[in-house]
Amino acid sequence: MAASPSNEIDALKSAIREHNHRYYVLDEPSITDSEYDRLFQRLQALEAQYPELKTPDSPTQRVGAAPLSAFAQVRHSVPMLSLDNAFAEDDFVAFDRRAHERLKSDAPLQYACEPKLDGIAVSLRYEHGVLVSAATRGDGTTGEDITVNVRTIPSVPLALMGKGWPAVLEVRGEVFMPKAGFEALNAKARQNGDKVFVNPRNAAAGSLRQLDSRITAQRPLDWYAYGLGSIEGGTLPDTHSEVMQALRGWGCPVNPEAVVANGLEDCHRYYQRMQERRAQLPYDIDGLVFKVNRFDLQERLGFVSRAPRWAIAWKFPAQEEMTRLLDVEFQVGRTGALTPVARLEPVFVGGVTISNATLHNMDEIGRLGLCCGDTVIVRRAGDVIPQVVSVVTERRPADARAIVLPAYCPVCGSPVERDPEQAVARCMGGLVCAAQQKEAIKHFAARRAMDIEGLGSKLVDQLVDAGLVRHLPDLYRLQLQDLAELDRMGEKSALNVLQAIEASKATTLPRFLFALGIREVGEATARALAHHFGSLEALLAADEQRLQAVPDVGPVVASHLLAFLNDERNRLIIKDLVDSGIHWPAIEVAASKPLDGKTLVLTGTLESMTRDEAKEQLQGLGAKVSGSVSAKTDLVIAGPGAGSKLAKAEALAVPVVDEKGLQDLLADPAAFLARL
């Protein structure tokens, strides 16, 4: 007999809650994501068919609701107190001593210990096992009603599991955003041109306080329980750690790093261990919380005005501090990328003194609105390179200076270029820039380039560090004694390397061009250039128009080629390499084609052939078929439906023909060009 809709819905809700518990609390999923999705979709379908059976505790009710005009106020039945802080071991020792004195006992105290999450404290109220409300800490006495938002957090149970929970149970916990979710959220914001969040805590707070809970539902929030508030109609275990285990059994996730420590030494070991693991945790923490484990002892210790005497937060060294940006220098990496580095007024952050911080690129400087002289907030997490996360604009001095990307490389003086579609700026002196010399040599010697066997990364590092090789031609001037004296070489190994260097002199023009490391010139482009021009001399004499006549060489590649080949220093290195004995067999240049050097654009719909077929035939005649119209376009072929490309061609006075004109061009290119 088929189950009734009501029974099936109840069974589905029960199964999904169990799977949520195994996934979010136990970290032991028992079904695949696709199977979970099928259960969830079946529940959604039944609730859509029978809306009267949909309940607030259903797992489907996490998508968010219509925006609120404002948050209602909620008065906490049990105040949400803050904790006193210990900033050093002496502070914690003093806290422990005061507890012993008040309890009149010398026996070591047992502490429940857990990471202090850097998130937002919330109180969740369950009545008869169902979540009925959620509120922020607020001022400790009154918070904001964020029930609709908390319902969207997947790890928050909408209904408690198992048995034995009190009729009324307020669970206190921390809402936070894991590091991976934070990075993904900011990456999406950057992609969309939106404002990014400074840190995961700000992201969690901003997500939790959205008036439109549908936005909250899209944010990667998580939650851990850490304590209790009001309790009615039930009994609980005698210790904090046992209560946490009970909550875990009822479906509330608790921090897996939580432990019970016996006495000061055990607490200190836990602190040391967690401080070392801090950077590897999937979420941010700013310290540890230590609570006297037994509730009867907590009651005897009592409270001060705003904090319990039985708990303390032992903070880690601060990871964020304010300091002043003195200057910005640009470092050149091994691939030529220029990275701006902040020179800071030294400040103690996260246990070390920081005087430098990464700024990533000019886009990041623009996003921050950063100027030299600004007061900035610097962040350091574990062993991660310190970074500037925000500017205190109200402290900007009158003489603050704008940060400008240098036009020339600070290492070699070569031009710096930045692709408008990319964030990175690069030095164009690949062969002459000292910052790039190791990478240039390694690329030159690679198997698909000059194929110098034995000249690996470590040997290149030694050769450059020893001053034996500064530029590529120096490889062909190495002596046996030079190599034999390097670490782990010896005469036989040195001889093998010299023989490989000598053998590399016999190569091909495509390999040689690829080995030069010209930006955007890979193996295929190098081959196309070699077979189009036939000789190095012809390539060196080419202008932009002739370069763009080569298949797959567009304006960007042509500009990189010209910048490289027109640099006199690069020409001298190329000449030196050839004079060293590098040679290749002659290449027979293909016969000229009627549309060589012509740039055409196809737009609109064609009837007699597809645009791909037309493009292939035009390229076969030597034409370059571009995807955009410019003043250098020779002809636009426009079919029905042509839009912006046709309009631009008309504005630039570029000749335009229809499909009949295309057919005439393909039939007799010379006659067509004569009439054009």
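The values are calculated or read from the model by the stated rules, or taken from the named source; none is laboratory data. Just so it is clear, the model here is predicted, and its values are computed rather than measured. Cβ sites come from the backbone with ideal geometry, for glycine too, and all protein chains shown count toward neighbours. Heavy atoms of the whole protein, side chains included, go into the accessibility calculation; ligands, DNA and RNA do not. Shrake-Rupley method; radii C 1.70, N 1.55, O 1.52, S 1.80 Å.
Going through (1) modelled with pLDDT under 85; (2) assigned to a strand (DSSP E or B); (3) under 30 Å from A45 (Cβ atoms) one by one, A66 falls short only on (2).
Within region 347-375, the set of residues being more than 16 Å from N199 (Cα to Cα) and assigned to a helix (DSSP H, G or I) comprises M362, D363, I365, G366. Applying the criterion of being modelled with pLDDT of 80 or more and crowded, with 16+ Cβ neighbours inside 10 Å to the residues of region 16-44, the residue that is nearest to P157 (Cα to Cα) is R17.
Per-residue answers, yes or no, for (1) of a type in the set (A, V, I, L, M); (2) assigned to a helix (DSSP H, G or I); (3) at pLDDT 90 or above:
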site: V196; (1), (2), (3): yes, no, no
site: R201; (1), (2), (3): no, yes, no
site: A204; (1), (2), (3): yes, yes, no
site: Y224; (1), (2), (3): no, no, yes
site: L228; (1), (2), (3): yes, no, yes
site: T235; (1), (2), (3): no, no, no
site: M244; (1), (2), (3): yes, yes, yes
site: L247; (1), (2), (3): yes, yes, yes
site: C252; (1), (2), (3): no, no, yes
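Only residues that are modelled with pLDDT under 90 and farther than 21 Å from G430 by Cβ were counted across region 326-340, and they come to 0.
Filtering region 526-542 to residues that are touching a helix residue (DSSP H, G or I) at 6+ places or on another chain (Cβ under 8 Å), in a loop (DSSP other than H, G, I, E, B) and either touching a residue at least 60 places away in the same chain (Cβ under 8 Å) or open to solvent by 20 Å² or more (accessible area, probe 1.4 Å) (or both) leaves only S535.
Of the strands (runs of 3 or more DSSP E) lying entirely inside region 90-148, those carrying at least 1 residues that are surrounded by 21 or more Cβ atoms within 10 Å (Cβ to Cβ) and free of Cβ contacts under 8 Å to residues at least 40 places away in the same chain are 130-136. For region 341-377, residues that are at pLDDT 90 or above, among the aliphatic types (A, V, I, L, M) and either loosely packed, with under 14 Cβ neighbours inside 10 Å or on the phi > 0 side of the Ramachandran plot (or both) total 0.
For region 550-583, a tally of residues being open to solvent by less than 70 Å² (accessible area, probe 1.4 Å), farther than 20 Å from R477 by Cα and touching a strand residue (DSSP E or B) at 6+ places or on another chain (Cβ under 9 Å) returns 7. Within region 162-184, if we keep just the residues that are open to solvent by less than 30 Å² (accessible area, probe 1.4 Å) and of a type in the set (A, V, I, L, M), the residue that is farthest from the chain's Cα centre (by Cα) turns out to be V168. Selection of region 192-230 for residues being more than 17 Å from the chain's Cα centre (by Cα), hydrophobic (A, V, I, L, M, F, W, C) and buried (at least 18 other Cβ atoms within 10 Å of the Cβ) yields A204, L208, A217, L221, W223, A225, L228. The residue that is most open to solvent (accessible area, probe 1.4 Å), counting only those in region 428-479 that are part of a loop (DSSP other than H, G, I, E, B), in contact with a Ser or Thr (Cβ under 8 Å, 6 or more places away or on another chain) and without any contact (Cβ under 8 Å) to a residue 60 or more places away in the chain, is G454. For first residues located in region 286-307 and touching a residue at least 12 places away in the same chain (Cβ under 8 Å) and more than 19 Å from Y270 (Cβ to Cβ), partners that are open to solvent by 30 Å² or more (accessible area, probe 1.4 Å) and not in a loop (DSSP other than H, G, I, E, B) and lie 6+ apart or on another chain with Cβ distances below 6 Å form the pairs L301/R102; A307/D84. Screening G173 against (1) touching a Cys at 6+ places or on another chain (Cβ under 9 Å); (2) assigned to a loop (DSSP other than H, G, I, E, B) leaves a single unmet condition, (2). When you look at D419, is it charged (D, E, K, R) and under 21 Å from E439 (Cβ atoms), yes or no? Yes; evaluated as a whole, the condition is true for this residue.
Taking first residues from region 257-270 that are touching a residue at least 60 places away in the same chain (Cβ under 8 Å) and partners that are of a type in the set (V, I, T), the Cβ contacts under 8 Å between residues at least 6 apart in sequence or on separate chains come to L264/V93; Y270/V259. Residues in region 489-516 that are open to solvent by less than 40 Å² (accessible area, probe 1.4 Å) and closer than 14 Å to W584 by Cβ: how many? Total meeting the criteria: 10. All of (1) open to solvent by less than 30 Å² (accessible area, probe 1.4 Å); (2) at pLDDT 90 or above; (3) over 30 Å from E364 (Cα atoms); (4) out of contact with any Phe, Trp or Tyr (no Cβ under 8 Å at 6 or more places or on another chain) hold for A307 with one exception: (2).
Entry remark, region 646-663: residues being assigned to a helix (DSSP H, G or I), of a type in the set (D, E, K, R) and either open to solvent by 50 Å² or more (accessible area, probe 1.4 Å) or at pLDDT below 90 (or both) number 3 in total. Just so you know, in region 378-388 the residues that are modelled with pLDDT under 85 and not in a loop (DSSP other than H, G, I, E, B) include one that is farthest from the chain's Cα centre (by Cα), and it is R379.
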